[in-house]
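Everything below concerns the one structure shown next.
The values are calculated or read from the model by the stated rules, or taken from the named source; none is laboratory data. Since this is a predicted model, take the numbers as computed values, not measurements. Here the Cβ is made from the backbone with ideal geometry for all residues, glycine too, and neighbour counts use every protein chain on show. Ligands, DNA and RNA are excluded from the accessible area calculation, which covers all protein heavy atoms including side chains. Shrake-Rupley method; radii C 1.70, N 1.55, O 1.52, S 1.80 Å.
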Amino acid sequence: MTALREKWLELADVKDELAVRDWFMGTSGNLAIKVADQPLEFLVTASGKDKKKRTDEDFLLVDANGQPAGETPLKPSAETLLHCAIYGKTEAGCSLHVHTVANNVISELYGDAGKIDFQGQELIKAFGLWEEDAVLTIPIIPNYADIPNLAKAFDPYITADKGAVLIRNHGITVWGKDGFEAKKLLEACEFLFQYQLALQLHLK
């Protein structure tokens with residue numbers, strides 16, 4: 001099996017699992033997985049596709065600038081530049097971007113603060129935070145309609161090989177060393193967001 005096919009199947013499996021969770025409403029969201037380092041090439045979801053179905057046109061190969069690596073009628077997802085930024089600055093191998101009700105509401109509730117902190121919750125360990133007083137901070141950036149401006153706002157928070165950033169009233173982008181780690185981080189974030197919303201309702 002070629003490296004391209006192997007990565008294609010890895011990303012397709014992640015897509016299928018997230019689709020079952022209904023995290024791709026209205027064809028939203030995009031996924032990417034690195035195929036090669038030199039030169040940088042990665043698979044990214046094609047724009048406008050129904051991610052609940054698996055087809056041969058789910059992904060396309062793009063270069064370090066997010067441009068198709070070969071002739072194709074497919075168009076890369078709108079936020080491809082975010083994936084370019086991640087792979088250009090880290091050793092991450094997979095990055096995922098989804099829009100959920102929970103991450104959108106959290107991003108609005110805490111958007112003015114520019115971040116949300118989690119401390120004492122078990123699932124922050126997904127990010128390697130095992131200390132008793134550890135704090136997971138997830139930045140929240142403005143939702144610029146212009147993708148280059150969005151990528152510019154996103155770039156300062158790409159500081160490690162795994163991480164997460166919320167885009168206000170838009171969605172979350174996470175990245176990790178491979179599909180398994182990226183999915184684990186995404187699941188942890190979504191759990192924490194749902195926990196925080198449930199806690200706030202209870203406290204009221």
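Being at pLDDT below 95 and touching a Lys or Arg at 6+ places or on another chain (Cβ under 7 Å) is the filter; apply it to the stretch 26-57 and report the residue that is surrounded by the most Cβ atoms within 10 Å (Cβ to Cβ). Here the residue is G29.
Give me a count of the residues in the stretch 80-110 that are outside any helix (DSSP H, G or I) and open to solvent by 20 Å² or more (accessible area, probe 1.4 Å).
Step one: list which residues in the stretch 80-110 are outside any helix (DSSP H, G or I), which gives 90-100, 110.
Still in the running and open to solvent by 20 Å² or more (accessible area, probe 1.4 Å): 91, 99, 110.
Matching residues across the stretch 80-110 total 3.
Of the residues that sit in the stretch 175-204 and are among the hydrophobic types (A, V, I, L, M, F, W, C) and open to solvent by 50 Å² or more (accessible area, probe 1.4 Å), which one is nearest to V165 (Cα to Cα)? Steps first, please.
Step one: of the stretch 175-204, the residues among the hydrophobic types (A, V, I, L, M, F, W, C) are 175, 180, 182, 185-186, 188-189, 191-193, 197-199, 201, 203.
Next cut, open to solvent by 50 Å² or more (accessible area, probe 1.4 Å) only: 180, 191, 198-199, 201, 203.
Details: F180: 18, F191: 15, A198: 21, L199: 22, L201: 24, L203: 26 Å.
Looking at residues that are among the hydrophobic types (A, V, I, L, M, F, W, C) and open to solvent by 50 Å² or more (accessible area, probe 1.4 Å), I get F191.
Looking across the stretch 132-158, the residues that are assigned to a loop (DSSP other than H, G, I, E, B) and either over 18 Å from C189 (Cα atoms) or touching a residue at least 24 places away in the same chain (Cβ under 8 Å) (or both) come down to E132, D133, P142, N143, Y144, A145, D146, I158.
With respect to being touching a Ser or Thr at 6+ places or on another chain (Cβ under 9 Å) and under 12 Å from S28 (Cα atoms), S77 fits the description. Do you know which of the residues in the stretch 69-79 that are more than 16 Å from D37 (Cα to Cα) and touching a strand residue (DSSP E or B) at 6+ places or on another chain (Cβ under 6 Å) is most open to solvent (accessible area, probe 1.4 Å)? In this case the residue turns out to be T72.
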